[in-house]
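Shown next, in structure tokens, is the structure this report addresses.
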Amino acid sequence: MSEVFSQIANLDKLLHEPARLSLMTALAACKSADFLALQRLTGLTSGNLSVHLSKLEEAGLVAVEKSFKEKRPNTQVSITAEGRQVIENHWQQLENLRRDSQNWRPD
Amino acid sequence: MNKIKQVHFFAQNYPQLQGLRMLPPALLLLLLTIWANQQHGPATDLSLPLLLSAGCLLVYIGIDQYYNRRYGKVKRIITRPEWLITAAGAVLALAAFILDTTDTFMISLLGLVFAGAFAATGFWYWRPARLLFALNIAIAILIGVLSLLPLVGIQDWWQILGLKHSLLAFTFLYGVFGLLAGVIAHMYFIRSLPAAEAK
């Protein structure tokens, strides 16, 4: 059982937060998405979305590109190669955890 | 976990789920079919089809703006198999169209290609979304069965719709079902997106 605890402890805390996990999952499924689409996909408010994106950008997991389109501010977000690797590892860890917990039998 | 799977599915298929985008091409096909059905012999005046095409293009631009401003934009990852299947489908549709004009076969090859297109769309994109998957498969089966009806002796059923040829019947049906699938996909899209957080 202690192995399961250590597996849980090893989960990436930055990614395991539900909003950031949703964001990274969305970004891993597409080339890029703009700010509004990410808001729609995750249901986050613009303030919360900005905060979570900043944290992910600081960690090098996403790339944020700000520009103007038709005189309107446009923020494009895409997952970095490192981000893709990290989210795939995270999913694998969660899958292993699920499998281990299902296979566990009392001694 | 289901929420995360839903986010993944929506991000992966965001533009396809915006079903109103299907409306202008489906409507154009439908209108062109009605126009072609009223022609006697080779058409000489193509101004109406050109006008309809331009109108549908404008409607498409309007729908594109609506989605981009209201729902944002997601750039999809288009895989090589998806390109290949789309290209193969287009070639098959063209070949079926040409063969159907010669009336060589009893069955409608174009109808079978259209049925295949709806089935492929269902399996390729919509398996996680039961409603859209079921709708596409039901349309595929219906069009497939109609394509094969002459084999069981039911001929010229398209005359019930007031259409002159099987080709027109299947472009008509593709247009009608395209409109239906588009509206249902749009309703699914707007109802299934997560509710915004309370501020």
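We did not get these values from a lab; they are worked out from the coordinates using the rules stated. Note that the structure is a prediction, hence the values are computed from the model and not measured. Counting neighbours? That spans all protein chains shown, and the Cβs are built from the backbone with ideal geometry, glycine included.
Observations on the model:
- Under 17 Å from a label point set 7 Å out along the Cα-to-Cβ vector of A:Arg98, the amide N atoms of the range B:123-146 belong to B:128-129.
- Listed by chain and number, the aspartates and glutamates placed with their C-alpha closer than 19 angstrom to that of A:Lys13 are A:Glu3, A:Glu57, A:Glu58, A:Glu82, A:Glu88, A:Glu95; residues fewer than eight positions away on the same chain are left out.
- Kirkwood Rh (inverse of mean 1/r, distinct Cα pairs), the range B:107-199, angstrom: 14.5
- Residue order, fewest to most beta carbons within 10 Å, for B:Tyr66, B:Tyr60: B:Tyr66, B:Tyr60
- Measuring between their Cα centroids, the range B:14-48 and the range A:16-30 lie 40 Å from each other.
- Values of log10 I(q)/I(0), in the order q = 0.12 Å⁻¹, for chain B under a Debye, Cα-only, solvent-free model: -0.70
- Top positive-direction residue, dipole computed over the range A:2-102 with Cβ charges, set A:Leu36, A:Gln85, A:Ser6: A:Leu36
- At least 30 Å along the helix axis (C-alpha) and Kyte average at least -1.0, DSSP helices within chain B: B:47-71, B:80-101, B:166-192
- Cα-based values for the range A:2-102, radius of gyration first and Dmax second, are 15.1, 56 Å.
- Taking amide H as placed 1.01 Å from N in the peptide plane, A:Ser32 has its amide H under 5 Å from the amide H of B:Lys75, each at least 5 places away in sequence or on another chain.
- Length gained on full extension, B:Ile77 to B:Ala95: 3.6 nm, using 0.36 nm per residue less the C-alpha separation.
- A:Thr80 versus B:Tyr66: modelled label distance in nm, points set 7 Å from Cα along the beta carbon direction: 4.0
- Estimated distance in nm for a label pair at A:Thr45 and B:Leu148, the labels positioned 7 Å out from Cα along Cα-to-Cβ: 5.7
- Nitroxide proxy distance, nm - points 7 Å out along Cα→Cβ at A:Glu65 and B:Leu180: 4.2
- What the Kirkwood sum gives for the protein assembly as shown is a hydrodynamic radius of 22.4 Å, with every pair of different alpha carbons counted.
- Kirkwood hydrodynamic radius (C-alpha pairs) into Stokes-Einstein, the range B:53-107, 25 °C and 0.890 mPa s, D in µm²/s: 166
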